[in-house]
Amino acid sequence: MKGNKVVFPESITDDLHHCFKCGMCQQVCPTFKVTRQEYYAPRGRVQIVKHYLEGDLELTPTLEHILMSCMLCDACAALCPSGVRVDRLFRNMRVELDKYTTKKLGKKLVFAILRNGERLRKASRLARIGQKFLVDTLGTNSKMGNIPLARLPRITSESFRQKVPEKITPEGKRSGRVIYFTGCATDLIYDDVGHAVLRILGRLGMEIVIPRDQVCCSAPLFLSGAVKASLPNIFKNLDILDRVDADAIVVDCATCGAALKKGIPELLEDLGLDTERARRVAKKVKDVSQIVSERLDELPIQENLSGEPLAVTYHDPCHLVRGMGVAADPRKILSRISGIKLVEMEGSSECCGGGGYYQFDNVDISAGITSRKKRNIMATGAHIVATGCPGCRLTLRGNISEDENIEVLHTMQLLSRSLTNKRT
Amino acid sequence: MRHETKKELERIVGPDKATDSPEHLVAYSYDAYTEERRPDIVLFPATTEEISAIMKVAHRETIPVTPRGAGTNLAGESVPIRGGIVVCLTKMDKILSIDAESLTATVQPGVINLDLQREVEKLGMMYPPDPASWAVATMGGTVATNAGGPRTLKYGVTKDYLLGLIVVLANGDVLKTGGRTLKNVTGYNLTTLICGSEGTLGIITEIIVRLIPKPPASRTIRADFMKLEDCSDAVAAIMASGSVPASLELMDRFVVKAVERSFKLGLPTDVEGILLIQLDGAEETLGREIKQIEKSLIDKNARNIIIAKDSAEAERLWLARRAAGPAMMRMRPNIITEDVTVPVSKLTAMIRKVTEIGERHRIQVGILAHAGDGNLHPCIVFDKRDDDEYKRVQAVCEELIPEALALGGTLSGEHGIGIAKAPFLKFEMDTVALSVMQGIKNYFDPKGILNPGKFV
Ligand SMILES: Cc1cc2nc3c(=O)[nH]c(=O)nc-3n(C[C@H](O)[C@H](O)[C@H](O)COP(=O)(O)OP(=O)(O)OC[C@H]3O[C@@H](n4cnc5c(N)ncnc54)[C@H](O)[C@@H]3O)c2cc1C
Ligand code: SF4
Ligand code: SF4
């Protein structure tokens with residue numbers, strides 16, 4: 001091939017020729033919808049990559065911006081009539097970009113931290129102090145990206161995984177054994193979700209193994225092109241997850257789930273590495289909602305018959321609905337909880353506009369996407385948004401103001417709240 | 001283009017609405033056709049005044065200008081084949097008004113067809129033109145191409161719903177034509193002239209369309225045929241029976257097999273053709289019409305007839321038709337969707353011809369058709385990287401056209417002329433018609449700056 005020398009797997013370069021430029025993907029692309037500019041549409045990005053590979057475009061800050069402003073929400077790949085795996089194409093192109101990059105120092109630092117579990121814990125302790133300091137000195141109205149500092153979640157004082165036992169055995173009869181992959185968010189920010197998951201799985205009689213040495217799933221790294229940096233973590237997790245004997249590997253974070261289920265096996269395949277172990281692990285990975293919805297009847301859910309039911313709406317995280325193909329299970333769970341009423345919003349599976357550093361790097365586009373989402377949420381009249389991804393939770397809460405009075409929760413938190421205290 | 005001219009244009013729309021960086025230009029070098037060419041600059045104007053100012057500069061400097069909506073046309077109509085300026089209308093995307101009493105809507109050109117559909121439907125109305133690309137195609141683009149769709153059979157095409165336009169002419173003058181009334185015979189019908197002109201006469205900046213009340217009920221029927229002749233004869237029989245379905249779609253065996261291979265919907269693959277029929281209207285009359293159609297289908301030896309019991313089943317039946325395009329696209333890297341159209345009585349003959357031409361050139365062709373109005377979409381699938389195959393594909397396209405014309409048809413039912421069909425125009429239009437058209441073009445655009453290199 002003439003042009004820029006990149007070694008993409010052939011299946012991926014072949015995809016470039018399967019894009020026949022119909023433009024149908026514009027209808028689902030969040031970045032196109034807010035900009036209405038073709039270079040922010042999937043078709044535009046695909047064609048730009050094609051021209052780059054053919055040698056008539058260079059790596060420039062503009063090219064970098066075009067590729068990095070993609071949310072990797074997968075909506076285009078799911079829709080494409082021609083079956084082009086746009087997501088995979090862009091991920092590979094980001095590796096190419098990583099060689100040349102105007103990436104800011106801050107992001108490099110984050111990458112270095114994510115790569116190392118101990119560093120991550122230390123950094124989060126520092127960040128906790130820093131966060132308080134920032135709010136104290138800059139005031140609650142100053143923002144990070146689009147999010148007021150005061151609406152960012154508080155970093156927990158201690159890592160969730162350090163706090164809970166590495167193995168939890170059920171009180172009664174054991175009904176199964178699962179590994180709980182907590183992800184960084186539950187470990188360091190949203191331990192409330194972690195406790196809800198433990199409570200629910202415990203009630204189901206599950207033995208739960210929470211390997212302490214698990215590390216970041218590395219999706220934030222390899223999705224940004226930092227593939228080399230991500231491999232040690234990936235292999236370490238695969239070692240652990242493949243070693244421990246269990247019926248399933250449970251995740252509560254859609255991004256970790258999509259990475260383990262789909263992203264990592266595909267990444268290894270694209271790199272020409274052995275994928276057998278990754279696929280074995282992937283088969284066992286389940287979102288917590290999948291496990292719970294199968295056995296919903298066994299849970300002691302409080303019957304709350306008095307009063308007007310509380311309206312709850314559900315936001316489908318990209319990585320859950322498209323990354324893992326999970327949409328029905330959380331809804332089944334929410335519909336079962338008495339005292340709440342599930343009200344669907346328009347465009348529930350459209351991206352929330354957050355994810356990774358996106359909202360900090362692409363402030364305008366992100367704000368546009370999030371405000372669409374917020375409009376749809378408000379239109380339901382719900383007081384609670386349930387979702388299954390810490391990234392979405394952070395973005396949504398961050399963009400809903402205090403007095404709008406809408407709580408953003410993980411589906412498992414709502415379910416846990418509805419369980420009776422007594423055992424059945 | 002001179003640097004100062006670019007700067008001048010940039011000042012008109014503002015720096016964030018003008019770009020000439022190579023990456024951005026690549027994204028405006030194509031549409032859904034194969035040919036590509038980068039413009040020199042892309043502008044995203046926000047008002048009629050800005051567009052008028054742009055045209056004044058372009059006119060003074062004799063710079064080509066190509067208007068563009070979503071860039072979904074299939075004929076290279078929005079490819080800036082001579083470079084110059086692309087004026088992209090997508091940022092003018094407001095629905096200005098919907099008038100439920102006079103059944104009209106006024107929109108900017110960047111409004112997406114489906115967005116308008118959704119808004120008027122909330123008020124119990126319908127905007128009939130429904131190209132399959134409606135979820136992305138712009139109102140400006142659909143007017144400039146006079147788009148049709150499955151519902152065209154009963155309801156007509158874009159021009160039948162167009163009441164008025166604001167158009168910026170080549171020299172920057174602003175033309176207002178038509179109005180909000182259904183009847184209007186004041187002077188030449190310039191509105192219809194602009195409709196379908198593919199950006200060669202002016203840039204549309206405001207559109208007034210007519211709406212109709214939404215039909216209260218609809219029904220779907222599927223019929224399978226062992227012989228293709230029977231299938232297309234049934235189409236003619238239905239059309240002659242007096243009932244007018246909203247849509248009447250045909251898929252041949254090649255397409256049915258492709259759908260089964262990709263999507264496994266449980267369609268019979270031993271049949272030569274499948275018809276999908278949708279009726280809409282008042283509940284009372286639908287029952288009678290269905291009986292009538294069923295009779296025509298039985299007369300023409302339909303092996304199997306399914307009448308959907310509810311909307312869920314109707315949706316399942318239509319899934320087969322919706323999957324047809326994607327299934328064809330997935331077969332090979334490239335696809336050309338042809339658009340030849342013949343009188344409905346000649347449908348069978350034309351389908352046979354298409355299949356025969358494809359086989360002779362060893363090219364894979366599946367046939368989809370808006371059968372009720374004789375509009376065929378032969379889907380030609382191939383790999384453009386194979387030079388020999390691509391040559392044979394071109395030969396197929398060239399042979400289709402005289403065949404359609406010989407049967408009293410036209411070379412394009414709805415996809416337009418653009419670059420793709422420009423060389424064939426002379427086969428269909430005689431010298432008098434061509435010279436009138438050229439005269440109109442010369443009057444509107446003496447310097448030939450509006451979408452040059454296309455059909456006029
Ligand atoms: C999958 C698929 C299915 C399709 N199905 C159908 C179908 O069922 N029926 C059908 O008719 N077509 C169909 N098309 C073709 C295409 O979608 C239509 O022609 C559509 O109307 C084009 O709209 P657009 O906004 O994409 O316009 P573009 O492709 O951007 O432009 C089309 C032409 O209109 C001109 N133009 C655009 N906006 C303006 C303006 N404001 N003022 C002046 N000129 C302007 C351009 O210069 C160009 O000549 C299909 C295409 C695809 C890819
Ligand atoms: S939908 Fe698929 S084939 Fe069509 S333009 Fe988008 S990526 Fe290309
Ligand atoms: S992944 Fe999402 S944001 Fe990126 S191009 Fe596709 S639809 Fe757009």
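The values are calculated or read from the model by the stated rules, or taken from the named source; none is laboratory data. The shown structure was predicted, so the numbers you read here are calculated from the model rather than taken from an experiment. Virtual Cβ from ideal backbone geometry, glycine too; neighbours counted across all protein chains shown.
Are any of the residues in the range B:377-384 touching a Ser or Thr at 6+ places or on another chain (Cβ under 7 Å), part of a strand (DSSP E or B), of a type outside the set (Lys, Arg) and within 14 Å of chain A (Cβ to nearest Cβ)?
Checked the range B:377-384: at least one residue is touching a Ser or Thr at 6+ places or on another chain (Cβ under 7 Å), part of a strand (DSSP E or B), of a type outside the set (Lys, Arg) and within 14 Å of chain A (Cβ to nearest Cβ).
Taking the conditions exactly as written (closer than 16 Å to A:Val227 by Cα, charged (D, E, K, R) and either without any contact (Cβ under 8 Å) to a residue 24 or more places away in the chain or not in a helix (DSSP H, G or I) (or both)), does A:Asp274 satisfy them or not?
Against the criterion (closer than 16 Å to A:Val227 by Cα, charged (D, E, K, R) and either without any contact (Cβ under 8 Å) to a residue 24 or more places away in the chain or not in a helix (DSSP H, G or I) (or both)), A:Asp274 qualifies.
Can you tell me which condition A:Ala379 does not meet? The list is (1) farther than 28 Å from A:Arg199 by Cα; (2) surrounded by 18 or more Cβ atoms within 10 Å (Cβ to Cβ); (3) modelled with pLDDT of 95 or more, and all the others hold.
All conditions are met except number (2).
Would you mind stating whether A:Leu57 is over 25 Å from the mean Cα position of the chain (by Cα), facing another protein chain (nearest Cβ under 8 Å), more than 19 Å from A:Arg372 (Cα to Cα) and hydrophobic (A, V, I, L, M, F, W, C)?
yes
Condition check ((1) polar (S, T, N, Q); (2) more than 11 Å from ligand 3 (Cβ to nearest atom); (3) closer than 27 Å to B:Val87 by Cα) across all residues:
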{"position": "A:Thr31", "(1), (2), (3)": "yes, no, yes"}
{"position": "A:Thr35", "(1), (2), (3)": "yes, no, yes"}
{"position": "A:Ala41", "(1), (2), (3)": "no, no, yes"}
{"position": "A:Thr60", "(1), (2), (3)": "yes, yes, yes"}
{"position": "A:Leu63", "(1), (2), (3)": "no, yes, yes"}
{"position": "A:Phe90", "(1), (2), (3)": "no, no, no"}
{"position": "A:Leu97", "(1), (2), (3)": "no, yes, no"}
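Which of the numbered conditions does A:Ala75 fail, given that it passes all the others? Conditions: (1) more than 19 Å from A:Cys352 (Cα to Cα); (2) more than 12 Å from every other protein chain (Cβ to nearest Cβ); (3) surrounded by 21 or more Cβ atoms within 10 Å (Cβ to Cβ).
Among (1) more than 19 Å from A:Cys352 (Cα to Cα); (2) more than 12 Å from every other protein chain (Cβ to nearest Cβ); (3) surrounded by 21 or more Cβ atoms within 10 Å (Cβ to Cβ), the lone unmet condition for A:Ala75 is (1).
Quick check, is A:Met71 closer than 19 Å to A:Glu266 by Cα and either in contact with a strand residue (DSSP E or B) (Cβ under 7 Å, 6 or more places away or on another chain) or more than 15 Å from ligand 2 (Cβ to nearest atom) (or both)?
So A:Met71 passes the test.
So B:Asp388 clears everything in (1) closer than 30 Å to A:Asp15 by Cβ; (2) buried (at least 18 other Cβ atoms within 10 Å of the Cβ); (3) at pLDDT 95 or above except one condition, right? Which one?
B:Asp388 satisfies all of (1) closer than 30 Å to A:Asp15 by Cβ; (2) buried (at least 18 other Cβ atoms within 10 Å of the Cβ); (3) at pLDDT 95 or above except (2).
Look at the range A:224-258 and say how many of its residues are surrounded by fewer than 17 Cβ atoms within 10 Å (Cβ to Cβ) and of a type in the set (Val, Ile, Thr).
Qualifying residue count, the range A:224-258: 1.
How many residues does the range B:87-112 contain that are among the small types (Gly, Ala, Ser) and within 14 Å of chain A (Cβ to nearest Cβ)? Show your work before the answer.
From the range B:87-112, those among the small types (Gly, Ala, Ser) are B:97, B:100, B:102, B:105, B:110; that's our starting set.
With the extra rule that they be within 14 Å of chain A (Cβ to nearest Cβ), the set shrinks to B:110.
Of the residues in the range B:87-112, 1 are among the small types (Gly, Ala, Ser) and within 14 Å of chain A (Cβ to nearest Cβ).
Residues in the range A:14-30 that are facing chain B (nearest Cβ under 8 Å) and either out of contact with any helix residue (DSSP H, G or I) (no Cβ under 7 Å at 6 or more places or on another chain) or among the aliphatic types (A, V, I, L, M) (or both): how many?
Of the residues in that region, 6 qualify.
Which condition number in (1) touching a Ser or Thr at 6+ places or on another chain (Cβ under 7 Å); (2) closer than 30 Å to B:Thr355 by Cα; (3) surrounded by 23 or more Cβ atoms within 10 Å (Cβ to Cβ) is the one that B:Gly199 fails?
Tallying (1) touching a Ser or Thr at 6+ places or on another chain (Cβ under 7 Å); (2) closer than 30 Å to B:Thr355 by Cα; (3) surrounded by 23 or more Cβ atoms within 10 Å (Cβ to Cβ), B:Gly199 fails exactly one: (2).
This table checks each residue for (1) closer than 23 Å to B:Lys56 by Cα; (2) crowded, with 24+ Cβ neighbours inside 10 Å.
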position: B:Lys91; (1), (2): yes, no
position: B:Val107; (1), (2): no, yes
position: B:Asn113; (1), (2): no, yes
position: B:Met126; (1), (2): no, no
position: B:Trp134; (1), (2): no, no
position: B:Lys154; (1), (2): no, no
position: B:Tyr161; (1), (2): no, no
position: B:Gly172; (1), (2): yes, no
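Based on what the data block shows, is B:Thr205 part of a strand (DSSP E or B), out of contact with any Leu (no Cβ under 6 Å at 6 or more places or on another chain) and of a type outside the set (A, V, I, L, M, F, W, C)?
yes
Taking B:Pro452, is it outside the structural domain of B:Leu347 (by TED's automatic domain parsing), touching a residue at least 12 places away in the same chain (Cβ under 8 Å), part of a loop (DSSP other than H, G, I, E, B) and more than 21 Å from the chain's Cα centre (by Cα)? Can you show your working first?
Values: outside the structural domain of B:Leu347 (by TED's automatic domain parsing): yes; touching a residue at least 12 places away in the same chain (Cβ under 8 Å): yes; part of a loop (DSSP other than H, G, I, E, B): yes; more than 21 Å from the chain's Cα centre (by Cα): no.
Spelling it out, it is not the case that B:Pro452 is outside the structural domain of B:Leu347 (by TED's automatic domain parsing), touching a residue at least 12 places away in the same chain (Cβ under 8 Å), part of a loop (DSSP other than H, G, I, E, B) and more than 21 Å from the chain's Cα centre (by Cα).
Within the range A:33-58, count every residue that is within 25 Å of A:Tyr100 (Cβ to Cβ), more than 13 Å from ligand 1 (Cβ to nearest atom) and outside any loop (DSSP other than H, G, I, E, B). Explain how you work it out, then say what you get.
Of all residues in the range A:33-58, those within 25 Å of A:Tyr100 (Cβ to Cβ) come to A:35, A:37-58.
Retained after the next criterion (residues that are more than 13 Å from ligand 1 (Cβ to nearest atom)): A:35, A:37, A:39-40, A:42, A:44-58.
Adding the requirement that they be outside any loop (DSSP other than H, G, I, E, B) leaves A:35, A:39-40, A:42, A:44-53.
Of the residues in that region, 14 qualify.
Based on this model, can you work out whether B:Leu25 counts as within 14 Å of another protein chain (Cβ to nearest Cβ), assigned to a helix (DSSP H, G or I) and either of a type in the set (S, T, N, Q) or touching a residue at least 12 places away in the same chain (Cβ under 8 Å) (or both)?
Yes.
Here are B:Thr62, B:Thr72: which of them is crowded, with 20+ Cβ neighbours inside 10 Å and either closer than 14 Å to B:Leu25 by Cβ or polar (S, T, N, Q) (or both)?
B:Thr72
Among the residues of the range B:395-422, how many are within 25 Å of B:Thr158 (Cα to Cα) and assigned to a helix (DSSP H, G or I)?
Looking only at that region, the number is 4.
Checking B:Gly413 against (1) over 16 Å from B:Leu248 (Cβ atoms); (2) out of contact with any Pro (no Cβ under 7 Å at 6 or more places or on another chain): exactly one of these is not met. Which one?
Only one criterion in (1) over 16 Å from B:Leu248 (Cβ atoms); (2) out of contact with any Pro (no Cβ under 7 Å at 6 or more places or on another chain) is unmet by B:Gly413, namely (1).
Which condition number in (1) more than 14 Å from chain A (Cβ to nearest Cβ); (2) among the β-branched types (Val, Ile, Thr); (3) more than 19 Å from the chain's Cα centre (by Cα) is the one that B:Val340 fails?
(3)
Given A:Ser293, A:Ser289, A:Ser338, which one is in a loop (DSSP other than H, G, I, E, B), more than 16 Å from ligand 2 (Cβ to nearest atom) and in contact with a Pro (Cβ under 9 Å, 6 or more places away or on another chain)?
The match here is A:Ser338.
Of the residues A:Phe32, A:Phe8, only one is within 20 Å of A:Ser349 (Cβ to Cβ) and among the aromatic types (Phe, Trp, Tyr); which?
Of the residues listed, the single one that is within 20 Å of A:Ser349 (Cβ to Cβ) and among the aromatic types (Phe, Trp, Tyr) is A:Phe32.
Which ones in the range B:216-231 are part of a loop (DSSP other than H, G, I, E, B) and within 24 Å of B:Lys295 (Cα to Cα)?
Of everything in the range B:216-231, those that are part of a loop (DSSP other than H, G, I, E, B) and within 24 Å of B:Lys295 (Cα to Cα) turn out to be B:Met226, B:Lys227.
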